[in-house]
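Here the structure comes first, spelled out in structure tokens, and everything after it is commentary.
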Amino acid sequence: MKRTLKASAVTAFVLATALPFVAEAKDWIESVSIAKDGIDVQTVDVTATGGKYTAIKTSNYRFGLRLNARATSGERIIAGIVGSYNGVQYFEGSHPNKWDVKMAGRNFGGTDARTIGLSIDPQLKLSKLTWQGKDPIKLCNELMAAKIKNGVSKAEVLSTTWTTKANVFFQLQAVAVKKNKAQSGKWGLKDATTERASLSYPVSVRCLAGN
């Protein structure tokens with residue numbers, strides 16, 4: 001099942017492969033995972049002015065994510081939250097400056113789902129995301145410094161488009177409840193257990209030729 005999500009739309013639910021799991025009370029959750037799904041067709045473009053790289057030109061980026069979660073026998077995966085920051089919490093408010101989105105019940109896969117497997121491709125504003133490690137501007141300036149150190153003039157560096165890699169941080173918290181609670185729709189924090197995991201999502205960066 002594939003769902004196309006936009007930053008302003010409903011639902012998304014993300015989990016991790018590239019980073020270690022951050023487990024909480026996981027008595028009712030056997031596993032949670034996320035993986036990069038498909039091949040990205042976009043790049044993150046960085047522009048240069050005044051002799052250095054200064055700004056990210058790309059505003060929005062579409063991410064392909066494969067999400068999986070499995071509850072123990074007698075329990076159901078009922079909800080989740082995905083965001084681009086550490087410490088996402090389904091039962092608390094959204095982060096004021098970062099992207100996150102919650103989903104529950106039928107928006108997530110039903111009210112009787114022990115196993116969830118979804119592919120999603122949300123289009124997100126890069127300004128709302130968290131970079132894992134160095135951001136694209138810093139990476140482009142480091143690339144320029146390395147080229148100059150190896151004998152390439154700054155003018156030549158800035159007249160050429162170079163490529164490098166950056167990583168975006170995503171984290172999901174999955175929520176599991178007892179089967180009868182899931183089917184009734186009457187559940188809350190006191191009825192649930194949760195588990196988180198995170199993903200370092202690689203993107204291609206182009207350090208564009210500039211002045």
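The values are calculated or read from the model by the stated rules, or taken from the named source; none is laboratory data. Small disclaimer: the values here were computed from a predicted structure and weren't measured. Using ideal geometry, Cβ is built from the backbone for each residue, glycine included, and neighbour counts are taken over all protein chains shown. When the accessible area is computed, the model is the full protein with side chains, heavy atoms only, and any ligands, DNA or RNA have been set aside. Shrake-Rupley method; radii C 1.70, N 1.55, O 1.52, S 1.80 Å.
If you scan region 34-54, which residues turn out to be open to solvent by 10 Å² or more (accessible area, probe 1.4 Å) and under 20 Å from the mean Cα position of the chain (by Cα)?
Answer for region 34-54, where residues must be open to solvent by 10 Å² or more (accessible area, probe 1.4 Å) and under 20 Å from the mean Cα position of the chain (by Cα): Ala35, Lys36, Asp37, Gly38, Ile39, Asp40, Val41, Gln42, Thr43, Asp45.
Before we move on, is Gln183 touching a strand residue (DSSP E or B) at 6+ places or on another chain (Cβ under 9 Å), surrounded by 14 or more Cβ atoms within 10 Å (Cβ to Cβ) and either within 24 Å of Ser33 (Cβ to Cβ) or of a type in the set (Val, Ile, Thr) (or both)?
On the way: touching a strand residue (DSSP E or B) at 6+ places or on another chain (Cβ under 9 Å): yes; surrounded by 14 or more Cβ atoms within 10 Å (Cβ to Cβ): yes; either within 24 Å of Ser33 (Cβ to Cβ) or of a type in the set (Val, Ile, Thr) (or both): no.
Here the answer is no, as Gln183 does not meet what is asked.
Just for strands (runs of 3 or more DSSP E) wholly inside region 84-137: which have at least 1 residues that are of a type in the set (Lys, Arg)?
100-104, 123-125
I need a count of the residues in region 95-149 that are touching a residue at least 60 places away in the same chain (Cβ under 8 Å), acidic (Asp, Glu) and open to solvent by 70 Å² or more (accessible area, probe 1.4 Å).
1
When residues of region 163-189 are filtered for being touching a Leu at 6+ places or on another chain (Cβ under 6 Å) and either at pLDDT below 90 or not hydroxyl-bearing (Ser, Thr, Tyr) (or both), how many remain? First the steps, then the outcome.
Step one: filter region 163-189 for residues touching a Leu at 6+ places or on another chain (Cβ under 6 Å), giving 164, 166, 168, 170, 172.
Still in the running and either at pLDDT below 90 or not hydroxyl-bearing (Ser, Thr, Tyr) (or both): 166, 168, 170, 172.
Total satisfying the criteria: 4.
Go through (1) at pLDDT below 95; (2) surrounded by fewer than 17 Cβ atoms within 10 Å (Cβ to Cβ); (3) among the polar types (S, T, N, Q) one by one and return the number of the condition Thr193 breaks.
Against the list (1) at pLDDT below 95; (2) surrounded by fewer than 17 Cβ atoms within 10 Å (Cβ to Cβ); (3) among the polar types (S, T, N, Q), Thr193 comes up short only on (2).
Quick one: in region 80-94, of everything that is farther than 15 Å from Ile34 by Cα and touching a helix residue (DSSP H, G or I) at 6+ places or on another chain (Cβ under 9 Å), which residue is surrounded by the fewest Cβ atoms within 10 Å (Cβ to Cβ)?
Here the answer is Phe91.
Which residue pairs have Cβ atoms closer than 9 Å, lie 6 or more positions apart in sequence or on different chains, and pair a first residue in region 186-201 that is in contact (Cβ under 8 Å) with a residue 24 or more places away in the chain and part of a strand (DSSP E or B) with a second residue that is of a type in the set (S, T, N, Q) and surrounded by 22 or more Cβ atoms within 10 Å (Cβ to Cβ)?
Within 9 Å, the pairs are Thr194/Gln173; Glu195/Gln173; Arg196/Gln171; Arg196/Gln173; Ala197/Gln171; Ala197/Gln173; Ser198/Gln171; Leu199/Gln171.
So which of Arg114, Arg196 is within 16 Å of the chain's Cα centre (by Cα) and not small (Gly, Ala, Ser)?
On the way: Arg114 fails: within 16 Å of the chain's Cα centre (by Cα).
One residue alone meets the criteria, Arg196.
Only residues that are of a type in the set (S, T, N, Q) and farther than 11 Å from Asn68 by Cα: list them for region 27-46, please.
Gln42, Thr43
Scan region 55-79 residue by residue and report those that are more than 15 Å from Ile34 (Cβ to Cβ), open to solvent by less than 60 Å² (accessible area, probe 1.4 Å) and part of a strand (DSSP E or B).
Ala55, Ile56, Asn60, Tyr61, Ala71, Glu75, Arg76, Ile78, Ala79
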